[in-house]
Structure formats: C-alpha cells, structure tokens
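Asks: Got a structure here, written out as structure tokens. Questions coming.
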Amino acid sequence: MSQDEAPVALDIEQLSVVFDTPDGPLSAVNDFALEIRRGECVGVVGESGAGKSQSFLAVMGLLAANARVSGQARLGTEPLIGRSIAELNQFRGVKLSMIFQDPMTSLTPHMTVGEQIAESIIHHLKISADAARARALALLEQVQVTDAPRRLDQYPHELSGGMRQRVMIAIALACDPEVLIADEPTTALDVTIQAQILALLAKLKRERGMAMALITHDLGVVAGIADRVAVMYAGRVVELGTVHEVLKAPKHPYTAALLASMPRIDDTGTGPLPAIGGQPPNPRRLPPGCAFGPRCERVDETCRAARPALTGHERRVACHHPLERP
Amino acid sequence: MTDPLLELRDLRVWFPIGDGLFRAKRNLRAVDGIDLRVAPGEALGIVGESGCGKSTLARAILRLVRTSGGQVVWLGKPIEGWSTSRVRPLRRDMQIVFQDPLASLDPRMTVGEIVAEPLRVHARDLSRAERRERVIDILARVGLPADVVNRYPHEFSGGQCQRIGIARAMVLRPKLLVCDEPVSALDVSIQAQIVNLLQDLKRDFGMTILFVSHNLAVVRRLCDRVLVLYLGKPMELASTDLLYSQPRHPYTQGLLAAVPVPDPDLQPQRLGGALGGELPSPMAPPSGCVFRTRCAHAVAACAAAAPRLQSVETGHEVACDRWREISASGAVA
C-alpha cells in the first residue's frame, strides 16, 4: 500500500494558538493544517518562534495555561482539541506519543530507567510488574541501548545524552503508538549521536509503520528521514510538499533562501554565504501582508498589501511570487 | 611558515577529580599533549564532539584555565607561569567571543558601556570622546547603528547580541580572536550573517581566528586549517581543503559522514554510515589510541601505543598508525 492510500493517522485542520499575555494576546500559530498518514514521516521545519512546537503541543494538550486553542486535530477519528485531561490521557502515551529536545530534563531524576518505562506500560496496558519489566528490557534493546539489562536499574544521570534520548524513545514506544511526535529530538546531541538517533527513528518508523512528525530547525535532518516537509514562518505553514519537492525545488523564497544560506559540508565555496537579511519578525508586530516580505528579494506592493494564502493541494505554497523551476 | 603568532608545545590541561574522601585524586585529561603553530592571519578551526577538550584548549590559550604542563608561546615568548598582572597586557591582543550571546553580556550595562569596557581596562589614556568614537566605529563595523549605545542587551535578538559580543572583542583590535561556538545558539538564518561578518573582519583586520565549533560545515566555510580533537588528543591537523576532501583519520571520516546535508538524494545513505558508539569516559580513556574503541580499523597494536601526529604530506598530519592502509574515504567532495 502506498502512502497516499494509507489511512490518515493524525489530521490537523485550522489549528490556531493564541497566548494571553500581560501585553495582550500573542498569536503563535495560525491556520495550521497537516495530515500525517500511517508509515509517513513529515518534517516540520522553521526557526525559533515559527510555531512548530506550539502546533504539536496544542495537539498533545500540553500548552501553557494561558493558551487558547481553536481548530481541529483528530487521532484517527478521535477529536483531540478541547478534550479533558482525563480523556486525553486515554490516548497520550498510548496511541499518541511525544519526545522532546532535552533528554535530561524530560526524564524523572529519582526513578530508574526501568521504572520509568514500566510505569507507562503498567498504567496503560494493565499488566504485571514483571511482565512490564520484561517489556521494558525488550524496548531498550529495540532502541539499541548497549548493556540493556544493567541500564534498567540505572538512573538518568548515569547515562549519556544519547542514551537518555534512546530511553525517551523507548518510553514513547512503550504502548505501540500510532503517532510519534519528535520535537527537535537530536538538537542537544553531538552530530555523531544525532546520526545514530535519526537512523534509529527511520528504522522504527519503517518497522512499525508509525506516523511521525519530526520538528526541527535543520533541513539536513529532515532530508534523511522525512517523506514530506512543511516549512513554517511566523506561525504559518508557508510551503508543503514531498521532501524532494521542497528541498530540491523550493517554491517559497524563504525556503530557497534558507537552503542557500546554510553552509554545507559538501560545499567547497569560501566566499560569503548568501545570508537572509534582517531578523525573524516579532509576533506582536507582524508586518501587514506577507510576514516574510521585509526579508524577501521578490517583495512588491502586492506582498505588502495582502497576506498570500496557502494554495495548492498536495504541493502547497503561500506566496504571491513563487519560484518556478524548469 | 612565517614566525607563528601563537605556538603550543605539548600543552596539557588536567583537572584533578576527587572521587571521595578516602580515594586518591585522579586526573581528567581534558587537553593532553597539543602541539600547534598558528600563523598570523590564519583561521584555525578546532573541532570534535562535546568533551573532546576544544573549549578547554581555547581557554587555556587565553589563560582562563590553568595549564598543567607544556607551553603556550605568544610571539616567541613562553608565557607559562606568568603572573596575572604580567599576562594582563597580553589580553589586549587576545580576545574571546562566547557561545551564548545574551548570557555573555552584563544585563545592567548599556551596549555602549559593554563595548567600551575593554578600552577602559586596556586603553586608559583615551579620552571620553575618543573612547566613544572607537565604540561607535566598531559597532558600525559589526553592522549596528550608533544609537544602540544607550540600549540594554535584553532589547536585542540573539544575532544582534552576538554582534555586540564581537564588537566588544574587536574594539581593541586584537591580534587573536578566539570564538567559542559563536553561531551555535543562533537561528539558521542568522548564522550565515555572523559567519560572513567574521570573514569580513578577518580579511579587513588581518586578524588570527581560533574557531572552536562542533559545526563542521561552518568551519569549512570560514577556516584555513582544522585541528580535530578526541578525548583531549589531536587526531588530525590539515588544511581545510585536505581535511574535507581526503580525511585520513577514521574519526575525522566518521565525524564528516555524520553531518547531515539538506539533500534527500544523499542524506538517507549518509545516515547508514554513521559512526557507532559514544565517547568513552574521559576518566578512563582507552589505552593506546584513544579512538580505537569506536574505530572500524582498530587492530591489537592500536591498544599498545598512542599514535603521534605524523605527516601525510605537506600541511596534513594524522595521528593514526594505520593511515596508509585506510583509504581517504568519507570524503565529502
């Protein structure tokens, strides 16, 4: 079965997130829409403040108390937005799991690795402590933790950053989730360990047929394991397509400029990088029209006057003057 | 090579670690035997994984940490054992830019005061007006308007704070600028701006740069030569061209292969070739070659003796006894 025919595992529509702050409302995510099919990995790319994490924290029901969420998110047929914590807990950690950037602060320091993995298994699957421990061991082996039997009784501080992230992944996988959200899972790791963790995530996705959202600021990270890519800027998706379409033939000037400005390990050039001028916009003072306009080489009056809508079906772009490739 | 600006001879930085009240102190060898000559005007990259000793090495050169052995030679003079007051005038010529742009700026000082502070310490004869002129001049050079002098660091973005940090380091026109992961905390679109700025400053002021970074792509763009460190020891030292096109050390090859490229035709295969294992504990480094526990080419002899840097060709040294048998694979064009 090709991915196009695979059932939609996570369907997000018109999702918006607004934070109430002492300085007034702050709009973090606008009209976010994405569907992720079984067995598919979608990379969600953007810089700090682009709204990529907030979108998925909203889906998980994990936003700060001052957040207001509107729109829809469905796990299979189950709606997620607006559900109570008790209702969400039937899905979270079971069918819908998330791993975070910092594997140290995401683990409980006073519980052993085995206890933390087993906790979720016992709670959700109602099996015995012994059975849960056996399953925890099997999970550690699946995520390629070395010396797994000994690790069960170790505490997080005894593990390296890479090992902690593997433990986080084991916890997320404990109840066989349908959807895994990985929020910058390798950003805190060394480049060699990053490659190992990404290879592991790619393998798990393949073997388990999970749907995966991979949130990252690094276009190189998505190139290795994503099937499709959504590029976000200033709280909105500005481009969506297959990983080949977006990275090899970007249509949005922001995506193209970001790709061009990244120094590449396989680039022998020594001259100045084609940097993007200016700063990402302050969400409180978004320019009228296109948010990328002030930094864009193709900007004109149309762009300053009206914000471009995200158009297209499978291949989408939000730009009045998208790049055309032969 | 012309007379070096800076020379390191068997430099060592060992940190004594107390295991407990009754156990003997042991040493963590953060930097363990580095020999290096840095020419004036050169940009030298220092790369490796976290814990390889690259920041400690940079700080030891600036005497921000105490060295345990070997020598730092500055303009032909060994400065080991010099008192703080004797070293202070040298600091005028050696400045540093830190990783975290906001945390490295005093939040209670205005940008003008921050950038003027090195002048107040090292150029005390300047009048107030001259000082102000120098500050505004260097701010303009790093791309900041004069009116920022009365504002505070929290009013600026990460990229702008890093420009302020660079202005503070550059205001004395140092001979050596040490950059410790200067773009790691910045957004992707801002990194390129700062890399370009450092390139411009190097060209315009003929400054020598020590660029400490885990980002091998940025190092390729900016540096003339690269030193690869692993557990405090040198693995490979080569011109940038040779290091990236013909990496000789298996560790260098593994590091380069691990760097993702934003190309879906190349990257999935690259992931398959990632270096396995993790950095061993620096408290108990492997005998012989410290890299051998992760090396696909290791043989019994590698456990016996630590290889020293040996010359492959002019401008290319590698600390591996088996380099002749290992192809220069892992090259990245």
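Asks: Just to be sure I understand, how many residues within region B:139-164 are under 15 Å from B:GLU113 (Cβ atoms) and hydroxyl-bearing (Ser, Thr, Tyr)?
Replies: 1
Asks: Hey, among the residues in region A:239-253 that are aliphatic (A, V, I, L, M) and within 16 Å of the chain's Cα centre (by Cα), which one's farthest from the other protein chains (Cβ to nearest Cβ)?
Replies: We begin by selecting, within region A:239-253, every residue aliphatic (A, V, I, L, M); these are A:240, A:243, A:246-247, A:249.
Now restrict to residues that are within 16 Å of the chain's Cα centre (by Cα): A:240, A:243.
On the way: A:LEU240: 15, A:VAL243: 4 Å.
So the residue we want is A:LEU240.
Asks: Kindly indicate which of A:ILE117, A:ILE81 is touching a residue at least 60 places away in the same chain (Cβ under 8 Å) and either of a type in the set (A, V, I, L, M, F, W, C) or surrounded by fewer than 17 Cβ atoms within 10 Å (Cβ to Cβ) (or both). Talk me through it step by step, then tell me what you get.
Replies: On the way: A:ILE117 fails: touching a residue at least 60 places away in the same chain (Cβ under 8 Å).
That would be A:ILE81, the only listed residue that is touching a residue at least 60 places away in the same chain (Cβ under 8 Å) and either of a type in the set (A, V, I, L, M, F, W, C) or surrounded by fewer than 17 Cβ atoms within 10 Å (Cβ to Cβ) (or both).
Asks: Any idea which residue in region A:202-220 is farthest from the chain's Cα centre (by Cα), counting only those that are under 23 Å from A:ALA174 (Cβ atoms) and surrounded by 24 or more Cβ atoms within 10 Å (Cβ to Cβ)? Quick ask: steps written out before the conclusion?
Replies: Step one: of region A:202-220, the residues under 23 Å from A:ALA174 (Cβ atoms) are A:202-215.
Right, trim to surrounded by 24 or more Cβ atoms within 10 Å (Cβ to Cβ) and you get A:211-215.
On the way: A:ALA211: 11, A:MET212: 8, A:ALA213: 5, A:LEU214: 4, A:ILE215: 2 Å.
The qualifying residue farthest from the chain's Cα centre (by Cα) is A:ALA211.
Per-residue answers, yes or no, for (1) of a type outside the set (A, V, I, L, M); (2) more than 26 Å from A:PRO280 (Cβ to Cβ):
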{"site": "B:ALA169", "(1), (2)": "no, no"}
{"site": "B:GLU181", "(1), (2)": "yes, no"}
{"site": "B:ILE190", "(1), (2)": "no, no"}
{"site": "B:ASP200", "(1), (2)": "yes, no"}
{"site": "B:PHE205", "(1), (2)": "yes, yes"}
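Asks: Ok, one more. Output the residue which, of all residues in region A:221-246 that are out of contact with any Ser or Thr (no Cβ under 8 Å at 6 or more places or on another chain) and within 28 Å of B:GLU49 (Cβ to Cβ), is surrounded by the most Cβ atoms within 10 Å (Cβ to Cβ).
Replies: Among those that are out of contact with any Ser or Thr (no Cβ under 8 Å at 6 or more places or on another chain) and within 28 Å of B:GLU49 (Cβ to Cβ), it is A:GLY224.
One line per residue, one yes/no per condition, for (1) within 8 Å of chain A (Cβ to nearest Cβ); (2) of a type in the set (Ser, Thr, Tyr); (3) closer than 27 Å to A:HIS244 by Cβ; (4) crowded, with 19+ Cβ neighbours inside 10 Å:
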| position | (1), (2), (3), (4) |
| --- | --- |
| B:LEU237 | no, no, no, yes |
| B:ARG248 | no, no, no, yes |
| B:TYR251 | no, yes, no, yes |
| B:GLY272 | yes, no, yes, no |
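Asks: What is the number of the single condition among (1) in contact (Cβ under 8 Å) with a residue 12 or more places away in the chain; (2) basic (Lys, Arg); (3) over 23 Å from A:THR311 (Cβ atoms); (4) within 12 Å of chain B (Cβ to nearest Cβ) that A:ARG228 does not meet?
Replies: Here A:ARG228 meets the rest and fails (3).
Asks: When you scan region A:183-229, how many residues do you find that are under 20 Å from A:GLY162 (Cα atoms), in contact with a strand residue (DSSP E or B) (Cβ under 7 Å, 6 or more places away or on another chain) and charged (D, E, K, R)?
Replies: Of the residues in that region, 3 qualify.
Asks: For region A:211-225, enumerate the residues that are within 12 Å of another protein chain (Cβ to nearest Cβ) and over 30 Å from A:PRO25 (Cα atoms).
Replies: A:LEU219, A:GLY220, A:VAL221, A:VAL222, A:ALA223, A:GLY224, A:ILE225
Asks: Take residues that are acidic (Asp, Glu) and tell me which of the strands (runs of 3 or more DSSP E) falling wholly in region B:14-97 contain 2 or more. Step through it out loud before you land on a result.
Replies: On the way: elements: B:26-38, B:43-47, B:69-74, B:94-97.
Where strands (runs of 3 or more DSSP E) fall fully within region B:14-97 and carry at least 2 residues being acidic (Asp, Glu), they are B:26-38.
Asks: Does region A:278-290 contain any residue that is open to solvent by less than 30 Å² (accessible area, probe 1.4 Å), more than 14 Å from chain B (Cβ to nearest Cβ) and either without any contact (Cβ under 8 Å) to a residue 24 or more places away in the chain or in contact with a His (Cβ under 9 Å, 6 or more places away or on another chain) (or both)?
Replies: Of region A:278-290, the ones open to solvent by less than 30 Å² (accessible area, probe 1.4 Å) are A:289-290.
After this cut, where a residue has to be more than 14 Å from chain B (Cβ to nearest Cβ) as well, the list is A:289-290.
Those still in the list that are either without any contact (Cβ under 8 Å) to a residue 24 or more places away in the chain or in contact with a His (Cβ under 9 Å, 6 or more places away or on another chain) (or both) too: A:289-290.
Yes, region A:278-290 contains a residue that is open to solvent by less than 30 Å² (accessible area, probe 1.4 Å), more than 14 Å from chain B (Cβ to nearest Cβ) and either without any contact (Cβ under 8 Å) to a residue 24 or more places away in the chain or in contact with a His (Cβ under 9 Å, 6 or more places away or on another chain) (or both).
Asks: Now for a separate question. Somewhere in region A:29-36, is a residue closer than 20 Å to A:GLU245 by Cβ and of a type in the set (Phe, Trp, Tyr)? It would help to see each step written out before you state the result.
Replies: The first filter runs over region A:29-36 and keeps only residues closer than 20 Å to A:GLU245 by Cβ, leaving A:32-36.
With the extra rule that they be of a type in the set (Phe, Trp, Tyr), the set shrinks to A:32.
There is at least one residue in region A:29-36 that is closer than 20 Å to A:GLU245 by Cβ and of a type in the set (Phe, Trp, Tyr).
Asks: Here is a check on your reading of the model: is A:ALA174 more than 9 Å from chain B (Cβ to nearest Cβ), among the hydrophobic types (A, V, I, L, M, F, W, C), more than 28 Å from A:GLU47 (Cα to Cα) and in contact (Cβ under 8 Å) with a residue 24 or more places away in the chain? Spell out how you get there, then give the answer.
Replies: Working: more than 9 Å from chain B (Cβ to nearest Cβ): yes; among the hydrophobic types (A, V, I, L, M, F, W, C): yes; more than 28 Å from A:GLU47 (Cα to Cα): yes; in contact (Cβ under 8 Å) with a residue 24 or more places away in the chain: yes.
Judged against the criteria, A:ALA174 is a match.
Asks: Can you pull out the residues in region A:8-51 that are outside any strand (DSSP E or B) and within 21 Å of A:THR311 (Cβ to Cβ)?
Replies: A:GLY46, A:ALA50, A:GLY51
Asks: Go through (1) within 8 Å of chain A (Cβ to nearest Cβ); (2) at pLDDT below 95 one by one and return the number of the condition B:ALA306 breaks.
Replies: With respect to (1) within 8 Å of chain A (Cβ to nearest Cβ); (2) at pLDDT below 95, B:ALA306 is out only on (1).
Asks: Also: Which residues, counting only those in region A:42-53, are surrounded by fewer than 24 Cβ atoms within 10 Å (Cβ to Cβ) and of a type outside the set (Gly, Ala, Ser)?
Replies: Selection gives A:VAL42, A:GLU47.
Asks: Counting only residues that are within 14 Å of chain A (Cβ to nearest Cβ) and over 13 Å from B:PHE211 (Cα atoms), how many does region B:167-186 have?
Replies: Step one: list which residues in region B:167-186 are within 14 Å of chain A (Cβ to nearest Cβ), which gives B:181-186.
Applying the additional criterion that residues be over 13 Å from B:PHE211 (Cα atoms) yields B:185-186.
Residues flagged as within 14 Å of chain A (Cβ to nearest Cβ) and over 13 Å from B:PHE211 (Cα atoms) within region B:167-186 amount to 2.
Asks: Report, by residue number, each residue of region B:187-221 that is open to solvent by 10 Å² or more (accessible area, probe 1.4 Å), within 12 Å of chain A (Cβ to nearest Cβ) and outside any helix (DSSP H, G or I).
Replies: Scanning region B:187-221 gives B:ASP187, B:HIS214, B:ASN215.
Asks: Within region B:76-90, can one find any residue that is of a type in the set (A, V, I, L, M, F, W, C), touching a residue at least 24 places away in the same chain (Cβ under 8 Å) and under 28 Å from B:LEU8 (Cβ atoms)? Walk me through how you get there before you give the answer.
Replies: So the first thing to find is which residues in region B:76-90 are of a type in the set (A, V, I, L, M, F, W, C), and the list is B:79, B:82, B:87, B:90.
Going one step further and asking which of them are touching a residue at least 24 places away in the same chain (Cβ under 8 Å), we end up with B:87.
Right, trim to under 28 Å from B:LEU8 (Cβ atoms) and you get B:87.
For region B:76-90, residues of a type in the set (A, V, I, L, M, F, W, C), touching a residue at least 24 places away in the same chain (Cβ under 8 Å) and under 28 Å from B:LEU8 (Cβ atoms): present.
The values are calculated or read from the model by the stated rules, or taken from the named source; none is laboratory data. In this text, all values refer to a predicted model and were calculated from it rather than measured experimentally. Because the Cβ atoms are built from the backbone with ideal geometry, glycine has one as well, and the counts that use them run over all protein chains shown. Quick note on the areas: whole protein, heavy atoms, side chains included, nothing else; ligands and nucleic acids left out. Shrake-Rupley method; radii C 1.70, N 1.55, O 1.52, S 1.80 Å.
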